[in-house]
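One structure is given below, encoded as structure tokens.
The values are calculated or read from the model by the stated rules, or taken from the named source; none is laboratory data. As the structure is a computational prediction, the values presented were derived from the model and not from experiment. In this analysis, Cβ positions are derived from the backbone assuming ideal geometry, glycine residues included, and neighbour counts consider all displayed protein chains.
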Amino acid sequence: MNRRKKQTVALMVLVACLNDCAFSVGNEDVGVPMGVAGNGVASNGMQVIYVNSIGYSNKVEIKWQKDEGGGSYEVHKKNLVNSELYTIKSEKNVLIDDLSDESATEYFIQSAGRGSGVLKRSRVFAVRNNKKHLQQFVNTLKKSMNEDEIRSAIVYFYNAYSDRVVGPTSLSLGDNEKKIVFSMILAHNIAPYGVSQEYDFLALIREDKLDCDNYCILTDLIYQSISESKYAGNLIYLGFNHNTFGNHAQLLFVGEKRSFLLDPMVGVVANIGSYKNLINSHPVLENNILDFYSYYDDEGQDSTVMSCKAKIIRSLAEGLFNYSDVLYTCLDLVSFYKWTDMRDNGPVPTDIEIKTDIISPQRVGAQITFIAHGAGGIGKYDYMFWIMPPDGPKEVVQSYSLNNIYIWKTSGLSPGVYYLDVFIRNWGTTGDYQFNKELAFVLEK
């Protein structure tokens, strides 16, 4: 059997599986719903409804949407630190009060007839696709022989099942909006978060781990596959060095009437209105944020990624994005490739010039301004300043940023020799440092 026939057979098997699959969410009018589908049940399974739609809800109602294939179920509380389980409800229809706000606590359903599902506390519309069946398509892609097979399979899958994958949401998605959201969901489900240095389409599909750069590139390549033009446009790569969620890559989709921020690593989509709104710290309404995160039920789930997702959602909802947090904007994939190549393979810093506004020694109580200038790297640097007092130890006095100036206030310090240590790294990199230099400064009584 040739490769084309093998691919067709695989897709036919996938179609048969998906025809028995229900991608479901609850009633979006009541707040933050989440559909939970069971093992092999061709119905919407259980419906989980967050009662309070404003802020973080403190109650959750669980009820059967259909009676067939039911059976008893229990609601458990799981401590994510030590994995201890506590059964808190064992009734047919229950209302759980006072869900914990602790990030290390997770609530989930264990059902005899419908499998299990996590009760995710959130202020956004959480869409829970049936990952088991979506993963069957991902497995088909990973067995593809070349990029043409991958693109053909993605186009077929999009045309047949995009409505099920994206599902009903709190946003009314246009055609191109649905395509980019579908692309992000599929990229998000290719592999969990981890370390990868791949950038090629076929290699990315076959990877077992992806980082934030990889997820963005893969989303773009999938979007190109289902768009009329190879370079579909409207997709911009954004890099942030944010004080809440750190150094991170995301995507900006610019539509005719509104723009979306997409984070394929954590599975979040937000209608931000415009890029200007985002970087001018405009809060995003909760019903404009979609949560497609897919790895709740995986063993060894990455709590770092879940924490990052929570921070990103909070930053959107509270308007914590700012122009000063932007590391880069790349207008297309080619530009992003050039940026990552310069960042990862460009020259590293080889020297730092450190100047002071007044010379050493000075009396205790003086205010000294240190100015650092890196050299030998890409020309733009992040700076970190350390001070080591006479009796140690060295401590950070100004964390990494583009700010190359540190103002040292010495009131109340002891006399002696102090050492200023400046760490630098190429702007946009995430290592500890690429070069450092010390300067001694004496304080007298």
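Kindly indicate the residue of the range 245-270 that is surrounded by fewer than 19 Cβ atoms within 10 Å (Cβ to Cβ) and either charged (D, E, K, R) or in contact with a Cys (Cβ under 8 Å, 6 or more places away or on another chain) (or both) and also modelled with the highest pLDDT among those meeting that condition.
258
Six or more apart or on different chains, Cβ atoms under 9 Å: show the pairs whose first residue is in the range 248-267 and at positive phi and whose second is among the aromatic types (Phe, Trp, Tyr).
Matching pairs, first to second residue: 267/292; 267/293; 267/295.
Assess whether residue 239 counts as being surrounded by 17 or more Cβ atoms within 10 Å (Cβ to Cβ), of a type in the set (Gly, Ala, Ser), in the same structural domain as residue 313 (by TED's automatic domain parsing) and farther than 20 Å from residue 317 by Cβ.
So residue 239 passes the test.
Could you list, in sequence order, the residues of the range 311-332 that are of a type in the set (A, V, I, L, M, F, W, C) and either surrounded by 17 or more Cβ atoms within 10 Å (Cβ to Cβ) or not assigned by TED's automatic domain parsing to the domain that holds residue 245 (or both)?
Correct list: 312, 313, 316, 317, 320, 321, 327, 330.
Can you pull out the residues in the range 330-343 that are in contact (Cβ under 8 Å) with a residue 12 or more places away in the chain, in a helix (DSSP H, G or I) and not aromatic (Phe, Trp, Tyr)?
333, 335, 340, 342, 343
Limited to the range 261-287, what total is found for residues that are within 19 Å of residue 236 (Cβ to Cβ), among the polar types (S, T, N, Q) and not in a loop (DSSP other than H, G, I, E, B)?
3
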